[in-house]
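See below for the structure under consideration.
The values are calculated or read from the model by the stated rules, or taken from the named source; none is laboratory data. Everything numeric in this text was worked out from a predicted model, so none of it was measured. Here the Cβ positions follow ideal geometry from the backbone for every residue, glycine too, while neighbour counts run over all protein chains shown. In case anyone asks, the SASA skips ligands and DNA or RNA and just uses the protein heavy atoms, side chains included. Shrake-Rupley method; radii C 1.70, N 1.55, O 1.52, S 1.80 Å.
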Amino acid sequence: FIHTFTEADRHLVSLTAVNDVDSKTTSTYLTIQEVITHLHFTIDRKISCEPGRMLCYKPQQATGSNVSYDWQVQSESGSLLFSSPAVNLNYTPPKTGYYNVILVATNKVSKQTFQKKVLSEAVIPEAQIIVDTGSEPFVTAQHPVKFTLDNVSPELNYEWSFYDTRPIMLHNGSLVMRHFEKSGTFLVKVTISNGFTDVALSKEVVVHKQ
């Protein structure tokens with residue numbers, strides 16, 4: 001007797017033997033499982049996860065029943081940093097950078113492994129350039145002006161560019177003091193970097209005569 005089960009489930013299978021004087025039936029339950037196929041993982045957006053910094057993933061596969069999962073996080077050199085037998089991965093690496101995330105899915109009939117290099121990076125928040133003229137009502141030539149952002153982080157690098165002179169003047173830091181030598185409309189630009197991603201902000205500044 002050959003039968004192909006179409007669904008992964010617990011099935012009752014019975015065999016009845018019959019002769020001229022008697023019959024006897026024996027039964028057993030068979031647990032049918034699906035083979036795991038097309039294993040991968042995606043970002044888990046249903047949990048509290050700092051975007052970019054934390055590694056938050058959930059498993060995905062095309063088929064597979066009664067599956068258990070094991071996660072590993074390795075450094076780029078292959079050193080094991082984290083291991084957990086859990087459905088979802090929620091892990092904060094010791095520092096930003098690239099990591100190898102390995103997902104192993106297992107059931108009684110199959111085993112699959114999926115590995116991917118992922119990036120943990122400091123989040124660059126939305127920000128605006130703030131111009132502080134101090135006691136002056138507006139930006140005036142030859143008077144110091146403070147430039148900063150309304151949202152800063154010690155994990156990020158800031159590079160300011162002032163397009164009022166040639167060559168372009170560059171300054172580093174989340175707060176910069178600057179004075180303009182002459183009146184006019186000039187572009188101020190700040191590039192925010194976390195070491196992997198850069199975001200540029202700019203603002204036109206009108207400088208009045210002294």
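Highest mobility in the GNM of the chain, judged by mean-square fluctuation with C-alpha springs under 10 Å and restricted to Asn66, Asn19, Asn151, is found for Asn19. The Val118 and Val13 beta-carbon pair, evaluated with R₀ = 35 Å, returns a calculated FRET efficiency of approximately 0.20. Counting only protein heavy atoms and a 1.4 Å probe, the chain has 64 square angstrom of accessible area per residue.
In plain terms, the C-alpha convex hull of the range 42-94 casts an average shadow of 4.5 nm² when viewed from every direction. Set the Cα radius of gyration of the chain against 2.2 N^0.38 Å, with N its number of residues, and you get 1.87. Computed over the chain with a Gaussian network model linking Cα atoms closer than 10 Å, the most mobile of Leu80, Leu30, Leu89 is Leu30. Taken over the range 77-192, lysine pairs spaced eight or more positions apart, or on distinct chains, with alpha carbons under 24 Å apart number 4. With coordinates expressed along the principal axes, the C-alpha atoms belonging to the range 21-67 extend over 75, 21, 11 Å, beginning with the largest. Taking the Cα centre of the chain as origin and assigning +1 to Lys and Arg Cβ atoms and -1 to Asp and Glu Cβ atoms, the resulting dipole is close to 300 debye. Using a cutoff of 8 angstrom between alpha carbon atoms and counting only pairs six or more residues apart, the relative contact order for the range 82-165 works out to 21 percent. Take the Cβ atoms of Leu30 and Ser68, set R0 to 30 Å, and the FRET efficiency comes out at 0.90. Shown in residue order for the range 111-117 are the 3J(HN,Hα) couplings computed by the Karplus curve 6.51 cos²θ - 1.76 cosθ + 1.60 at θ = phi - 60°: 8, 9, 10, 10, 10, 8, 7 Hz (x for Gly and Pro).
Normalised by the number of residues in the range 141-188, the mean separation of alpha-carbon contacts (under 8 Å, six or more apart) gives a relative contact order of 50 percent. Met177 sits with roughly 110 Å² accessible to a 1.4 Å probe, with DNA, RNA and ligands left out of the calculation. For Tyr57, the solvent-accessible surface computed with a 1.4 Å probe is close to 30 Å², ligands and nucleic acids excluded. Dimensions of the range 99-181 based on its C-alpha atoms, expressed as ranges along the principal axes with the largest first, amount to 77, 27, 15 Å. Each residue of the range 52-61 was assigned a 3J(HN,Hα) from its phi angle through the Karplus curve 6.51 cos²θ - 1.76 cosθ + 1.60 (θ = phi - 60°); the sequence is x, 7, 8, 9, 10, 9, 10, x, 9, 7 Hz, with glycine and proline shown as x. Pop out the carbon and sulfur fraction of the accessible area of the chain as a percent, whole number, probe 1.4 Å. Here carbon and sulfur together make up 50 percent of the probe-accessible area.
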